[in-house]
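Encoded as structure tokens, the structure appears first; notes follow it.
The values are calculated or read from the model by the stated rules, or taken from the named source; none is laboratory data. Computed from a prediction, not measured in an experiment: that's the story for all the values here. Reconstructed Cβ throughout: ideal geometry from the backbone, glycine too, with neighbour counts over all protein chains shown. Only protein heavy atoms, including side chains, enter the accessible area calculation; ligands, DNA and RNA are left aside. Shrake-Rupley method; radii C 1.70, N 1.55, O 1.52, S 1.80 Å.
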Amino acid sequence: MTYDPATLGQFTITATDGAARRGSLVTAHGVVQTPIFMPVGTQGSVKALAPDDLDAAGAQIILGNTYHLYLRPGDDLLARKGGLHRFASWNKPILTDSGGFQVFSLKDIRKLSEDGVEFRSHHDGSKHFFSPEKVMSIQNNIGSDIMMVLDECVAYGADYDYTAKSLELTTRWARRCRQAHPRHKNGQLLFGINQGGFFKDLRERSLAQLAEIDFDGFAIGGLSVGESIPEMYDMLHHIAPLMPRDTPRYLMGVGTPLDILEGISAGVDMFDCVLPTRNARNGTLYTSQGKVNIRRAEYREDDSPLDPLCPCYACRTFSKAYLRHLYVAQELLSYRLNSLHNITFFLTLARQAREAIEQGRFAALKAHYQDVFAPAKD
Ligand code: GUN
Ligand code: ZN
């Protein structure tokens, strides 16, 4: 990949509206316009979608997972194939999560120490070890544009003492990641991850420690782990404004359309979530009129498009009755069309947010969607 080392990692804010930011981030595979939603491609594929579909949906950057790609097909194989971009024929930016979150959600099959985390593969039970240095080396082999540090995502309900010790470990691991991956080596950016559970002083301590390390951006981890929405929004609004202003802010694993708009209003620039693709596969579709459960009998004879305002191929071409039929018949095309639609919806939402920030009407856009997705209208 050819890129200009002089501009790599540059984050430029071109407009603000309240705390919301409109920006652009330079990566080795192109410039990402923010705020942005990143479709999740855990195993090197956004489930049911080909790169052509992602292009059509307007995807700028997708996410991959270190844990999954390390186990299968293996990062050594990816390196031999010229990295994930080339292997998967995706020429735009890729962000990889570090594997910390996935390993920690394995619960019984992990062992934590100062040096890293031992875990067993969910495929065959084989033993593996992730250290900060190892996850840097794996992400180097994957060749992602944005790499994440190894962190411990503390479980919801963890007490103060555990959470305090954990965030210090996450900071030490973050320093080791930075040392193992000097700034912009291979053209790859590196982001730190804020932890600290649901204790504001611990979140601040984590952030202060991370901000001393020279990262290209900072993420908020450890949210959307089982807490209530008010708890999540409270912590989000507390910590996001304290994050460095001049680098991108990334809220990991979040969320619904309303969560994303809330994050943007708090000054977050990047989001990822399995929600649009996972929900697509179980027939829950996001539209400009609210959520649609395409499996419902009321759509049996419905000739209208899923969303008359959506530019996606599914909405331009098929009726709700046909999409319902595909879902009920468990046809494979159902997964593709529903995923294409939901990803288009989330990327359209991000684009609308960027335009609204530029035009100083972000609060009105957020209020509009709060009405569209009001709980009573589910
Ligand atoms: N994805 C969602 N939350 C987290 C987190 O806390 N850490 C990491 N590494 N990934 C996440
Ligand atoms: Zn559509």
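Computed quantities for the displayed model
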| read-out | value |
| --- | --- |
| Considering residues of region 1-41 that are polar (S, T, N, Q) and free of Cβ contacts under 8 Å to residues at least 60 places away in the same chain only, the residue most open to solvent (accessible area, probe 1.4 Å) | Thr2 |
| Qualifying residue in region 200-219 (condition: under 16 Å from the mean Cα position of the chain (by Cα), modelled with pLDDT of 95 or more and within 20 Å of Asp159 (Cα to Cα)) | no |
| Checking Leu210 against (1) away from ligand 1 (no atom under 12 Å from the Cβ); (2) surrounded by fewer than 23 Cβ atoms within 10 Å (Cβ to Cβ), the condition it does not meet | (2) |
| Residue check for Pro248: of a type outside the set (Lys, Arg), within 18 Å of the chain's Cα centre (by Cα) and at negative phi | yes |
| Residue ranges of helices (runs of 4 or more DSSP H) in region 268-353 with at least 2 members within 16 Å of ligand 1 (Cβ to nearest atom) and out of contact with any Phe, Trp or Tyr (no Cβ under 8 Å at 6 or more places or on another chain) | 275-281 |
| Region 79-92 - residue that is in contact with a helix residue (DSSP H, G or I) (Cβ under 9 Å, 6 or more places away or on another chain) and part of a loop (DSSP other than H, G, I, E, B) and, of those, most open to solvent (accessible area, probe 1.4 Å) | Asn91 |
| The one condition in (1) at pLDDT 95 or above; (2) more than 16 Å from the chain's Cα centre (by Cα); (3) among the aliphatic types (A, V, I, L, M) that Val103 fails to fulfil | (1) |
| Options His122, His85; residue that is closer than 30 Å to Ala314 by Cα and away from ligand 2 (no atom under 16 Å from the Cβ) | His85 |
| Test: residue in region 257-266 that is part of a helix (DSSP H, G or I), within 14 Å of ligand 2 (Cβ to nearest atom), more than 26 Å from Gly99 (Cα to Cα) and out of contact with any strand residue (DSSP E or B) (no Cβ under 8 Å at 6 or more places or on another chain) | no |
| Cβ-Cβ under 9 Å pairs, at least 6 apart or on other chains, region 135-146 side without any contact (Cβ under 8 Å) to a residue 12 or more places away in the chain, far side β-branched (Val, Ile, Thr) | none |
| Subset tally (residues that are open to solvent by less than 30 Å² (accessible area, probe 1.4 Å) and modelled with pLDDT under 95) for region 331-378 | 1 |
| Region 141-155, subset among the β-branched types (Val, Ile, Thr) and part of a loop (DSSP other than H, G, I, E, B), residue surrounded by the most Cβ atoms within 10 Å (Cβ to Cβ) | Val149 |
| Top-ranked residue of region 128-140 - restricted to ones that are of a type outside the set (S, T, N, Q) and open to solvent by 10 Å² or more (accessible area, probe 1.4 Å), ranked as nearest to ligand 1 (Cβ to nearest atom) | Lys134 |
| Residues satisfying the stated conditions in region 57-78, i.e. surrounded by 17 or more Cβ atoms within 10 Å (Cβ to Cβ) and assigned to a helix (DSSP H, G or I) | Ala57, Thr66, Tyr67, His68, Leu69, Tyr70, Leu71, Asp75, Leu78 |
| Filter result (buried (at least 22 other Cβ atoms within 10 Å of the Cβ), touching a residue at least 60 places away in the same chain (Cβ under 8 Å) and more than 20 Å from Arg172 (Cβ to Cβ)) within region 218-239 | none |
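A quick yes/no check of all residues on (1) near ligand 2 (Cβ under 9 Å from one of its atoms); (2) without any contact (Cβ under 8 Å) to a residue 40 or more places away in the chain; (3) not hydrophobic (A, V, I, L, M, F, W, C):
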| site | (1), (2), (3) |
| --- | --- |
| Asp307 | yes, yes, yes |
| Ala314 | yes, yes, no |
| Phe318 | no, yes, no |
| Leu323 | no, yes, no |
| Ala329 | no, yes, no |
| Leu340 | yes, no, no |
| Ile343 | no, no, no |
| Arg354 | no, no, yes |
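Condition check ((1) open to solvent by less than 10 Å² (accessible area, probe 1.4 Å); (2) among the polar types (S, T, N, Q); (3) in contact with a Ser or Thr (Cβ under 7 Å, 6 or more places away or on another chain); (4) part of a loop (DSSP other than H, G, I, E, B)) across all residues:
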| site | (1), (2), (3), (4) |
| --- | --- |
| Gly157 | no, no, no, yes |
| Ser166 | yes, yes, no, no |
| Gln179 | no, yes, no, no |
| Pro182 | no, no, no, yes |
| Asn186 | no, yes, no, no |
| Gly192 | yes, no, no, no |
| Leu202 | yes, no, yes, no |
